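Colleague: Structure provided below as C-alpha cells; questions to follow.
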Amino acid sequence: MFINLLGIFFTFIFSSLVIFLLLGRFVQKEESEVARLFFLTIGLGPITISWLLRGIFYFFPGQPDILYIGLITVFIVLLFIFCIKYLYLLKCLYQKAMKMFLEFDFLRRWMEIVLFLIIIIMMGAIFYQATFLPITANDTLKYATEARLIYKHKTISIYPFSQADKETGYFSPSSHPLGYQMLMVWCYMLQGTSSDSGLIKTIEPFYLIYFLLLINYYFSRKGIGYGVLGMFIFLSSPLIISLTISSHIDTIRIYLFYLSFVWLFETIEKDGLWRLIITGISVGMSMFIHSIGLLTLPFSIFVYFLRKKIMYKKIFGVAIITIIAFLIGGSIYISNYQRYGAIIKDGLEVWNMEELSYTKYIRQTRHIDSASDKIGLGFLKGFSKPESFGITYWLFALALIFNYKFLRTDALSCTFLPVILLFYALVLLSMLFGMDVAIKNDRYILTLHPFIVYGGALFIGYIYEQAVNS
C-alpha cells in the first residue's frame, strides 16, 4: 500500500511539481505569474512520464521493471535537484492562496462556498467509484489489455496488434498513439503486476482534478464566482463523469487538447520562445495521447495566424510549434503512413463487408439514420442530449445571444471561439461527405466541452457577479 501511495505521489504530484520548478526560471516572481505557471503545468507530469517510458521501451526493450522505474525516477529527481533553488516559488503560491483566503468575503459569497462543497463531494464520489469499481467499458478494457501485453513483453514493437498475440489471441488493428497505454504500463510497473487494474484507475480522476484546477484559475480572472461556476458547470455533464468513473481515455485527452489552447493563448498574449516551446510540447502531448489530438496542430496554427498580428512572428511561431509538436507526438502518424498509407487506422476490414450492413447498423443504433436525426441528434447533440452534455450548450447559446459583446472582447474567448467554429466546420464537412465519424459517438463532440463551458460560465458568472455586487 505504501509503495502504491508513493508511486501515486511521484506520478501525479511530484513530476508535475518538477516541471513547474523547471519553468519557474522564466516567469516574473509576481504571485499571479507563479500561480498561472503552476496551474498550466500541473497536468504535464504524468504524460511526460508516459512519453519518457515509451522512448526507453523503444531503445531498451525487454529489461526488468526496476530499470525503467529507476531511469525515470533518477531523471526526474535530478531535474528536481537542478531546480531546487526555485523552491521559493512554492512560498509565492502559498502567499497567493492565503491572500485570496483572507480577502474572501464569506458572508456575501456564501453561494460559492456551497457550490465548492458540492464540487468536493462530487469529486470524492467520482474518485471513490473510479478507484473501486471494476473496469467494464469496452475501450478501457482494450487500452488496459494492450498495456498489459506491452508490460508483459517489455517492448512497443508488438504494437499495433495487427497480428494476434500468440498467447492470448488478442487482436486489434487500431493504431492510436501510445500515450494512455504507456501511462497504464507505468502504473503496472509501480504496483508490480498487471493482474489487477489497481493504479490505472486513478489516472482519469487525477486528470479531472487537474481540469477543474485549470478551469477555476482561468475562469477566475473575471472574478472568483466565475471559477466556481465554471467547475460546477463542467461537472454538470453526466458524460464526463461517467467516462471518468469508467476510466475512459477522454478526460486526459480532452485536458491535453484544452491545455494546448490555453498555452497558445498565453503565447499570443506574451512573446517568449519558451512559451512557444511549451505550447509545442502541449500540442505534441495532445497528439501523443489520442488520434483526435492530431486536430490540435492545425487548429493551433489557424488560431495563431488569426490572432498574432506581425507576420514574421506568425511564421516563426508556427514553425516552432509545428516542429516541437511533431518531435513529441508525430512518430506514430509517420509510422502509420508508412505501414498503412494513412496517418490514422482504426477499423476492421470486416466492417466494410456489404453483407453485414455495418454502417446501417451503427446509424440505426445511434439514432442517426435519417437526415433530420443526423442534424438533431448528431450535429446538434449538445443541445438535444442533456443526458450526455447537461445544459452546457444551452448556456453557451444564451451567452452568444445576450452576452456576445462580452465574449467578443474577452481575450480567452477570442482563442476559444475559433476552435469551436473549426471543430463544427469539420463535423459539418464530414457529414456532407456522408461520413458519420464525428457524430456517431458523443465522446468526440465532448472534446469541445471545456470551450463551451467557458462561454456558459461567463454568462452565468456575469449575472452572478452583478447580483453579488449590487
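Bear in mind that the values in this text are calculations on the coordinates, not laboratory data. Because the structure is a prediction, the values reported are computed rather than measured. Glycine gets a Cβ as well: all are built from the backbone with ideal geometry, and neighbour counts include every protein chain shown.
Colleague: Would you list which lysines come within 18 Å of LYS99, measuring only between C-alpha atoms, while excluding same-chain residues fewer than 8 positions from it?
Modeller: Result set, ordered by chain and number: LYS29, LYS91, LYS222.
Colleague: Give the separation of the Cα centroids, the range 236-303 to the range 347-412, in Å.
Modeller: Using only Cα atoms, the two centres lie 21 Å from each other.
Colleague: Only helical DSSP H runs with n ≥ 4 go in: add -39500 (n - 2.57) per run for the chain, normalise by residue count and round the 222 nm mean residue ellipticity to 500 deg cm²/dmol.
Modeller: Numbers: 25 runs with 325 residues, N = 470.
Dividing the helical sum by the residues of the chain leaves -22000 deg cm²/dmol.
Colleague: Between LEU327 and GLN95, how many nm apart are label points set 7 Å from Cα along the C-beta direction?
Modeller: 3.5 nm
Colleague: Can you tell me which lysines have their Cα less than 18 Å from the Cα of LYS360? Leave out same-chain residues fewer than eight positions away.
Modeller: Of all the lysines, those that pass the test against LYS360 - Cα under 18 Å, at least 8 places apart if same chain - are LYS374, LYS440.
Colleague: Using the Cα centre as the reference, give the magnitude of the dipole from point charges on the C-beta atoms of the range 28-94 (Lys, Arg: +1; Asp, Glu: -1; all else neutral), rounded to the nearest 20 debye.
Modeller: 80 debye
Colleague: PRE reach from LEU428 (point 7 Å along Cα→Cβ): which of the range 302-316 fall under 14 Å by backbone N?
Modeller: Hits in the range 302-316 for LEU428 at 14 Å: none.
Colleague: Still on this structure, I have one more. Can you tell me the FRET efficiency between THR409 and PHE60 if r is taken as the Cβ-Cβ distance and R0 is 35 Å, rounded to the nearest 0.05? It would help to have the intermediate numbers written out before the result.
Modeller: Values: r = 53 Å, r/R0 = 1.51.
The value I calculate is 0.10.
Colleague: Rounding to the nearest 20 debye, state how big the charge dipole of the range 386-444 is about its Cα centre with +1 on each Lys and Arg Cβ and -1 on each Asp and Glu Cβ. Present the calculation step by step, with values, prior to reporting the outcome.
Modeller: Values: 4 positive and 4 negative charges, 34 e Å.
Dipole magnitude for the range 386-444 comes out near 160 debye.
Colleague: How far, in nm, would the chain grow between ILE158 and LEU398 when pulled straight, counting 0.36 nm per residue and subtracting the alpha carbon separation?
Modeller: Using 0.36 nm per residue and subtracting the Cα-Cα distance, I get 81.4 nm.
Colleague: Between ILE420 and TYR312, what length in nm is gained on full extension when 0.36 nm per residue of separation is reduced by their alpha carbon distance?
Modeller: 36.2 nm
Colleague: Work through the residues other than THR415 whose Cβ is under 14 Å from its Cβ and net out their charges, Lys, Arg +1 and Asp, Glu -1.
Modeller: With Lys, Arg at +1 and Asp, Glu at -1, the neighbours total +3.
Colleague: If packing is taken as the average number of other Cβ atoms within 10 Å across a peptide's residues, how do 180-193, 7-20 rank, most packed first?
Modeller: Packing order, densest peptide first, comes out as 180-193, 7-20.
Colleague: Placing +1 on the Cβ of each Lys and Arg and -1 on the Cβ of each Asp and Glu in the chain, which of ILE368, THR251, ILE452 has its Cα farthest towards the positive end of the resulting dipole?
Modeller: ILE452
Colleague: What value does the chain have for Rg/Rh, both radii from Cα atoms and Rh as Kirkwood defines it?
Modeller: Reported Rg/Rh (Cα atoms, Kirkwood Rh): 0.95.
Colleague: Something else now. So if each residue of separation counts as 0.36 nm, and I subtract the Cα-Cα distance between ILE362 and PHE106, what length gain in nm does that give?
Modeller: 87.0 nm
Colleague: Which one of LEU78, ILE200, SER384 has its Cα pushed farthest toward the positive end of the charge dipole of the chain, where Lys and Arg give +1 and Asp and Glu give -1 at the Cβ?
Modeller: Of the candidates, LEU78 comes out farthest on the positive side.
Colleague: I would also like to ask the following. With all distinct Cα pairs included, what does the Kirkwood hydrodynamic radius of the range 262-342 come out to in Å, to one decimal, could you say?
Modeller: 12.7 Å
Colleague: Right, next: What range in the chain is the longest one free of trypsin sites (Lys or Arg not before Pro) that are in a loop by DSSP and have at most 14 other Cβ atoms within 10 angstrom?
Modeller: Answer - 310-470.
Colleague: So if we plug the beta-carbon distance of PHE383 and LYS85 into 1/(1 + (r/R0)^6) with R0 = 56 Å, what FRET efficiency do we get, rounded to 0.05? Please report the intermediate quantities before stating the final value.
Modeller: Working: r = 52 Å, r/R0 = 0.93.
Once rounded, the FRET efficiency stands at 0.60.
Colleague: Among TYR226, TYR304, which comes first, second and so on when ranked by fewest other beta-carbon atoms within 10 Å?
Modeller: The most exposed by this proxy come first: TYR304, TYR226.
Colleague: Still on this structure: Could you line up TYR86, TYR170, TYR151 from fewest to most neighbouring Cβ atoms inside 10 Å?
Modeller: On the way: TYR86 17, TYR170 14, TYR151 21.
Result, fewest neighbours first: TYR170, TYR86, TYR151.
Colleague: Something else now. Could you size up the charge dipole of the chain around its Cα centre, putting +1 on the beta carbon of Lys and Arg and -1 on that of Asp and Glu, and report it in debye to the nearest 20?
Modeller: Using Cβ point charges on Lys, Arg, Asp and Glu, the chain gives about 1060 debye.
Colleague: Hey, another quick one. Which one, ILE281, ILE334, ILE420, is farthest towards the positive end of the dipole of the chain when Lys and Arg carry +1 and Asp and Glu -1 on their Cβ?
Modeller: The residue sitting farthest along the positive end of the dipole is ILE281.
Colleague: Right, here's the next one. From the backbone phi of the range 272-277, what are the Karplus-calculated ³J(HN,Hα) couplings (6.51 cos²θ - 1.76 cosθ + 1.60, θ = phi - 60°) in whole Hz, Gly and Pro given as x?
Modeller: Taking θ as phi minus 60°, the curve returns x, 4, 5, 5, 4, 5 Hz for the range 272-277.
Colleague: Provide ASP165, ASP250 in ascending order of the number of other Cβ atoms located within 10 Å of each residue's Cβ, fewest first.
Modeller: Starting with the residue having the fewest Cβ neighbours, the order is ASP165, ASP250.
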